[in-house]
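Before any comments, here is the structure.
The values are calculated or read from the model by the stated rules, or taken from the named source; none is laboratory data. If you're wondering where the values come from, they're calculated on a predicted model, not measured in any experiment. Neighbour counts run over all protein chains shown; Cβ positions are idealised from the backbone, glycine included. Only protein heavy atoms, including side chains, enter the accessible area calculation; ligands, DNA and RNA are left aside. Shrake-Rupley method; radii C 1.70, N 1.55, O 1.52, S 1.80 Å.
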Amino acid sequence: MEEKTYPYDDELMTYDYINHRYVLTKKGVESQLGIKLDTTLNTEGDANPSTLADRILAKVSQTVYSWLYRDSMNSSYIEFILAVYPPLREWVREMLQSQLLYVLTNNFIGDYSGVNLARGQAMDIAALRGRARVAPEVEDIGERIIPGLGYCLKYLGALPCVPCKVYHRGY
């Protein structure tokens with residue numbers, strides 16, 4: 001059996017080397033979740049409907065990774081282990097799939113402005129968004145203890161540094 005080099009692409013996810021995060025593929029969403037994004041999404045009024053599904057998948061990834069990094073004392077280390085630590089690849093897939101299902105049901109709650117232009121009113125952003133930025137399953141996975149490391153992705157303590165010789169090299 002050939003040993004994989006992380007990160008890697010397959011039919012379920014590809015790795016975005018510019019933003020340093022995994023992104024679900026349309027083919028993977030269809031095979032795993034039974035959702036054909038190109039026909040499910042409302043493209044009315046979209047300037048480039050052929051790319052809407054890919055943009056949604058990129059936004060889902062950005063939302064999950066941003067949530068994981070938000071409270072970290074060392075987001076560079078979290079970024080590194082998400083890319084190269086083999087047990088976490090399946091966790092990332094699970095988080096991204098859960099978040100996609102959440103977004104398809106609730107839209108991107110984290111983007112709500114809280115301003116009702118028609119009424120000229122504003123809502124308290126915390127009341128509007130609450131803890132609803134990510135799917136509950138994403139929160140659950142973020143709080144699992146990582147095998148072999150002894151802490152979770154949402155760990156609030158000090159984390160190791162990523163050595164300069166490997167930082168953003170190959171991931």
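Of the residues making up the range 46-66, those that are of a type outside the set (S, T, N, Q) and either in contact with a strand residue (DSSP E or B) (Cβ under 9 Å, 6 or more places away or on another chain) or exposed (fewer than 13 other Cβ atoms within 10 Å of the Cβ) (or both) number 9. Restricting I18, I56 to those that are more than 21 Å from V103 (Cα to Cα) and of a type in the set (A, V, I, L, M) reduces the list to I18. For the range 136-161, a tally of residues being under 15 Å from Y69 (Cα atoms), open to solvent by less than 90 Å² (accessible area, probe 1.4 Å) and in a loop (DSSP other than H, G, I, E, B) returns 8. Quick one: in the range 15-45, of everything that is closer than 20 Å to T63 by Cα and in a helix (DSSP H, G or I), which residue is most open to solvent (accessible area, probe 1.4 Å)? Ranking the qualifying residues of the range 15-45, first place goes to K26.
Looking at the structure I just gave you, is A83 of a type in the set (A, V, I, L, M), closer than 16 Å to Y171 by Cα and at pLDDT 95 or above? Yes, satisfied.
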